[in-house]
Amino acid sequence: MQALAGLLAVLLVVIVLAIVSGPLRAHLLVRDRRSASLSSDEEALRRLEAEREARYRELRDAELDYRTGKLRSKDYEVIRENLRREALAILDAIEATRARLALAAPAADQGVERRSEPARPSADLEQGDRVAEQQHREQDRPAV
Amino acid sequence: MASLGYACLLLTLALCGYGVVAALYGARAQLGAGAAASWVESARRAVYALALVLSVAMAVLEVAFLRNDFSFYTVASSSSRTTPEIYRAAAIWASQEGSLLLWSWLLALWSSLMLFLVRNRMREATPYAIAILLALAGFFDALMVFYANPFKALNPAPAEGAGLDPLLRFPTMMIHPPMLYSGYTLAMVPFAFGAGALIARRVDAQWIRMTRRFALASWMFLGFGILLGARWSFSELGWGGYWGWDPVENAALMPWLTGTAFIHSIMIQEKRGMLKVWNAALVLATGTLAIMGTFLVRSGVLDSIHAFGASTLGVPFVALIALLIGGSIYLVVSRRDLLHSEHRLDSLLSRESAFLANNVVLVGLCFVVFWGTYFPLISKTLNGQQASVGAPWFDRYTVPLALILVALTGIGPIIPWRRASAAALRRHLLGPLLLAALLLVVLLALGVRSHPAALTMFALGAFVLAVVVGEIARGTSARMAVTRESPPAALLALIGRSRRRYGGYLVHAGVALLLIGVAGSSSFQHQVEHDLSVGQSVRVGGDTVRYVRPTAALLNGPDHTGATLNLGAVLEVRSHGRRVSLLHPSEGFYSSDEPSQGSVGYLIGGQPVSHVAMDAGLTGDVWSAIEPNIHTPALQRVIEGANRIVPAGHLEEALVALTVLARDYLRNPPPAQFNLISEPLVEWIWLGGILALIGALIAIWPGPRPLRALARAGALVARRARSGESEPVGA
């Protein structure tokens, strides 16, 4: 039993070492040349997308409050305009960030074995935007 | 296998140490982006590996419990062959050592989940959060390695263990500690990311968005754990109460209160960029209070019914708490220039204002509970005498604050964000206020006048319930007007599309129900403690309870808790001359490890435990507990005689002697002491708790396709905004 426990302990240590050292080994073997600015753009894009989501949620909440009679029409219009303005500014920033990422991605790809696909969520989102827009041409959807 | 478990502990210490260094090195060292990321990623994986190693350690200990491997000190001290298997499976957290292992394991699991969800996000704050989470896990691992090793071996192994404390042989006790510890450990995730965001100077709302569900889950688990503890106290402890302001109960309540404040106030930061200092302070306070809660349970520094948690871990915990408090204050003060609000309050009539008021009340409640809980320590420090405060002191301050809180619970959902019009507010308040007033009038007309605070709570509870029902009805009808859906379809779609809002409303309704139950059961209960002989009756509130006959069972009694002997009674409850129920309370007698009690006496010489029986209903419960008297001269003669005749270790002969004892008890039952309570509305507490739990689950539940929904909303708002359409935006 003691020998089995010892063997299992050694096996566990080997597994743990393999898990923990993976990124360091990968960095040494396959040099990642992605620039720091690319990483910060990805981070910024995700942050902006979260900001955008928050604005949409606020718009939805305001509409629900309006439709259930908690907000006067005048107040609702003001709130909605403010939120739309903020959402548009965020959308512009998202487009600018995506453009930077699109420019940087081919340069980073040249001769580099990529460890990950950093722009993929954004690509999905772009496709999602187009799909959604198409859907909404066919059927409008209420916030409530 | 104990050595494998101990090796796991040493490995976790090494992992925590490495992970902290790797995370901080990756965050601070002047490295290229790829090199820094690989160090941080390695630290992140150290958390995953920690979860794996601790899972192995938990499995080793769990198997030892299930196999009755008494070569483990932890198993020998808190389990036995006579402990039912189902309770052996949960006995791991009955011990100090097992509890620490559970804490560390849960922390590693939740940390891994969070780090998996935020991979490639929050790159500035995450390394510091990883370091904090691993440092906390390392603290608990170090406690196990140096102070309370769950894998301490006994050589030679004893033939039998001491057994699980009979008080813990109760179904809800199997999940009460994991629920509370999940609440505590989940609170450490927002704590770590909040502190990480402050250290990295990234104090926008991103850390709040990423950790919101964890804060909510912590709140839910803590609340559920508190409720399970209350249910255990009510159903098992034999005093008929569910809340006694015990230090360990309070220890869980305090982070729950600040957590409640936090999950409200972060909405203001998410929406308006306000209250950043307040939110940072709240998340750090909640995390620190969670550690203090663990300290109270595990240190035994204050007298508590949770005496099975007593130990000498006080000094390391005090050092950790001092570090957390000092570090939290430093972080908030040093980052105050970054924590300014982006907006001001638009109006005092706004949901922001209601949330602010609710935060003040919740923090006030937490302060009252904190002061009352730690007063014994404070008084001992100041004047050398350990004085304590009791339930009346807590009630004096918490009852008014709770009433204000319930009122705000009703007002909050009615007020919109940013600005409310007085006319709309009046319109929405009128119905619920009229209903509350009507209920008050009816209750007064029925002669319910003796407890003004309870009456106020009933009225305010009705107000909250009317508000929630009204809100859901208005939302459903607004949706039906737009979509032409049927009412059930519109209701489900409404809740599905605004889970946070309507999940929150259900929580409000649940809390209102719960507090109505607390007010009713605590203010209008009737309690009788009486000695009864067979055939005698006693009045309890509006009911009559008659002792019909005694009962006795050897081994595997009706409660299946491993009691050697169960002695009880059949009670008949009659109301207005009609029998409403039969109750079967009993008391379990367990074996002790005291050979001096004799070869038969030791089998029933352990701590006797009440098995409560009750007739539960929506209007009220009739609760009963029995304390049979086995110390009569006749019964004692049976035990003493058997002790002389039966040799030690002859279990079957000893059981025959106990059979004789049980037969004599049934033939000539001595008067037994009964504790009988009539408690109105107590079931509302559990129903309210379940409703709040459902609401919290709805609020936490992620959308079916969050990314697709996000994209759809994006496309729509862009299209409409650019084309200048005036229709409201949906998502």
Legend entry - Positive-end extreme of charge dipole, region B:1-169 - chosen from B:17, B:151, B:77 (charges on Cβ): B:17
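Would you mind giving the three semi-axes, in whole Å and largest first, of the ellipsoid equivalent to region B:1-169 according to its Cα gyration tensor? List each step's numbers first, then the result.
Details: eigenvalues 272, 41, 23 Å².
For region B:1-169, the semi-axes come out at 37, 14, 11 Å.
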Legend entry - Straight-distance crosslink candidates among lysines, where the alpha carbon sits under 22 Å from residue A:70 and sequence neighbours closer than 8 are dropped: B:271
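How compact is region B:190-389 by the rule of thumb for globular proteins, expressed as Cα Rg over 2.2 N^0.38 Å?
1.10
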Inset, instruction - Could you give the size of the charge dipole of the protein assembly as shown about its Cα centre, using +1 on the Cβ of each K and R and -1 on the Cβ of each D and E, expressed in debye and rounded to the nearest 20? - result: 2940
Inset, instruction - Can you tell me the 0 to 90 degree angle between the C-alpha axis of helix B:633-645 and the longest principal axis of chain B, rounded to 10? - result: 80
Legend entry - When the convex hull of its Cα atoms is projected in every direction, mean area for region B:249-292 (nm²): 2.6
Inset, instruction - Grab the Cα-Cα distance for residue B:160 and residue B:89, subtract it from 0.36 nm times how many residues apart they are, and report the gain in nm with one decimal. - result: 23.9 nm
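Around residue B:50, under 12 Å between beta carbons, what's the net of Lys plus Arg minus Asp minus Glu among the other residues? Don't jump to the answer; show the numbers that get you there.
Values: positive: B:44, B:45; negative: B:141.
Here the count lands on +1.
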Legend entry - 0 to 90° range, to nearest 10: angle between helix B:651-667 axis and chain B longest Cα axis: 90
Inset, instruction - Specify the inter-centroid distance of region A:1-19 and region B:322-386, based on alpha-carbon positions, in whole Å. - result: 47
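Within the set of other residues whose C-beta is less than 12 Å from the C-beta of residue B:60, count the net charge using Lys and Arg as +1 and Asp and Glu as -1. The partial results should precede the final answer.
Details: positive: B:67; negative: B:62, B:69.
Overall, the nearby charge balance is -1.
Count the net charge of all other residues whose Cβ sits under 15 Å from the Cβ of residue B:317, scoring Lys and Arg as +1 and Asp and Glu as -1.
On the way: positive: B:298; negative: B:141.
Surrounding charge for residue B:317 is 0.
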Inset, instruction - Evaluate E = 1/(1 + (r/R0)^6) for residue B:386 and residue B:634, where r is the Cβ-Cβ distance and R0 equals 51 Å; express this FRET efficiency to the nearest 0.05. - result: 0.70
Inset, instruction - Restricting to chain B, compute how many DSSP beta bridges are antiparallel as a %, nearest 5. - result: 100
Inset, instruction - Select from B:321, B:422, B:445 the residue farthest towards the positive end of the dipole of region B:289-445; place +1 on Cβ of Lys and Arg, -1 on Cβ of Asp and Glu, and compute about the Cα centre. - result: B:422
Inset, instruction - Using a/c under 1.5 as the rounded threshold, could you call chain B rounded, prolate or oblate? The axes a ≥ b ≥ c are square roots of the C-alpha gyration tensor eigenvalues, and prolate needs a/b larger than b/c, oblate otherwise. - result: oblate
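Highest mean first, what order results for B:515-522, A:41-48 on Cβ atoms within 10 Å? Kindly include the intermediate steps, with their values, before the conclusion.
Details: B:515-522: 24.2, A:41-48: 19.9.
Ranked by mean Cβ neighbours within 10 Å, highest first: B:515-522, A:41-48.
One quarter of the convex hull surface, Cα atoms only: what value does that give for the protein assembly as shown in nm²? Mind showing how you got there, number by number?
Values: hull surface 166.7 nm².
Average projection, Cα convex hull of the protein assembly as shown: 41.7 nm².
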Legend entry - Hz values of 3J(HN,Hα) by residue in region A:44-52 - Karplus curve (6.51, -1.76, 1.60), Gly and Pro given as x: 5, 4, 5, 5, 5, 4, 5, 4, 4
Legend entry - Cα centroid separation - region A:68-88 against region B:475-541, whole Å: 34
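Below 8 Å between Cα atoms, with a sequence gap of 6+, how large is the relative contact order for region B:190-389 in percent?
Once normalised by length, the contact order is 24 percent.
Could you give the dipole magnitude of chain B about its Cα centre, charging the beta-carbon of Lys and Arg +1 and that of Asp and Glu -1, in debye to the nearest 20? Intermediate results must be reported in sequence, preceding the final value.
Working: 55 positive and 41 negative charges, 752 e Å.
Value, rounded to 20: 3620 debye.
Where a number appears in this text, it was derived from the coordinates with a stated rule and is not lab data. Note that the coordinates shown come from a computational prediction; the quantities given were computed from them, not determined experimentally. Quick reminder, even Gly has a Cβ in these numbers, built from the backbone with ideal geometry, and neighbours come from all protein chains shown.
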